[in-house]
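Report on one structure; see the data block that follows.
Only the coordinates and a few stated rules stand behind these numbers; no lab work does. Note that the coordinates shown come from a computational prediction; the quantities given were computed from them, not determined experimentally. Glycine also receives a Cβ, built like all others from the backbone with ideal geometry; neighbour counts cover every protein chain displayed.
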Amino acid sequence: MASTDIIDNWIPIEWDSEVITRVQMDSAIERYARPHAMKSSTKRILRSGGLTVSAGTTYTPDATANDYITLTARRFLSQFVVDEDDLADADSVIDTIKTKGLDWAISYADTFDNACLAVSGTENGTTVPFTSLYKSLRTTNSATSYTADANYSTWDDDNVSFPASGGGNSLYEKLSSTFKKVETGKFWSLADSLVIAAPGWRDALRLCTDGQGRPIFIQGTAGTPDSLFDVPIAWSRGCKVSATNSGSPAGNDLLFFGNRQYLKRGDRSVPESLVDQARAQDTTDDTAVKFRVRKGFGVGNENAWSALERITD
């Protein structure tokens, strides 16, 4: 029987481990969203509408609206069971945790990104963990003076006119318009600009050129990220529309552009693992391994982001 005496409690997965490296590589939200440490299940973050600045010797009181967004930590869980005959000693247990930990990292990255970016349903804490970026952009919010779908548009991929055609429906024009929705507002920042997209966009982007036939999508080399209109791209398999949270969403591919500082990630607990072998009262000799993490998410301001949904017939 495998000995798990030294790993019989929840063990934090170190941030420099292969597991965490894989999470950060595969999850756009884990890698780029602004982190906020959470010491309780909820945390309020000030949402500022700006600050009035005037010249002269007399101060003008600021009249912009300020409110809060609330991050609520949700658990993301996994469990697997293995027959103890397959575990000869503690080293086998450790190797199993490592292997399954990497599997968990990939699945968690996709599931977490989908929850934060692309779930279309109303937040309920379980099947819809958060109000996603997609849902936020498609919902009116009086607190931020945002109107539903103001920063949302679609591209029908039956329209194969990739260069600018003058009608506003080519992919080039759709992408340019998606960028413009943010670039002409007060929340645009060149330094913090980011594109988050489903990998399904890559084929269309490779064919997309400007009016002079120059590509607007540049594939990175030597460790540099891919870019669109010179803005780095974070690819995310979870960036596909889904009615409820899924690690394998099957809806339309999404592409977001905006200011990453307005993607708020709450960190309540780091990823952890727990191993427990069979007890005398159990009817089978199975070792169970659990993985869990507690995270929150919120959109700081809808006006800081825009979305383009690829419609596939």
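Odds and ends about this structure:
- Averaging Cα coordinates gives a centre for region 240-313 and one for region 136-154; these two points are 23 Å apart.
- Springs join every pair of Cα atoms under 10 Å in this Gaussian network model of the chain, and among Leu194, Leu102, Leu137 the largest mean-square fluctuation is at Leu102.
- Taking every DSSP bridge with both residues inside the chain, close to 80 percent are antiparallel.
- Charge dipole magnitude, Cβ of K and R +1, D and E -1 - region 248-300, Cα centre, debye nearest 20: 520
- The translational diffusion coefficient of the chain, from Stokes-Einstein at 4 °C and 1.567 mPa s with a Kirkwood hydrodynamic radius over alpha carbon pairs, comes to 60 µm²/s.
- Pairs beyond 24 Å (Cα-Cα), from Lys43/Lys240; Lys43/Lys135; Lys180/Lys295; Lys174/Lys240: Lys43/Lys240; Lys180/Lys295
- Computed E for Ser189/Arg214 - FRET, C-beta separation, R0 41 angstrom, nearest 0.05: 0.95
- Span-rule helices in the chain, defined as complete DSSP H runs reaching 20 Å or more along the axis (Cα) with Kyte mean at least 0.0: 90-117
- Most mobile of Gly185, Gly238, Gly258 in a GNM of the chain (Cα contacts under 10 Å): Gly185
- Exposure proxy shown here: for Val275, Val53, the number of other Cβ atoms within 10 Å sets the order, fewest to most, as Val53, Val275.
- Surface/4 of the Cα convex hull for region 160-313, nm²: 14.0
- Relative contact order, whole percent, for the chain stands at 29, derived from Cα pairs under 8 Å and 6 or more residues apart.
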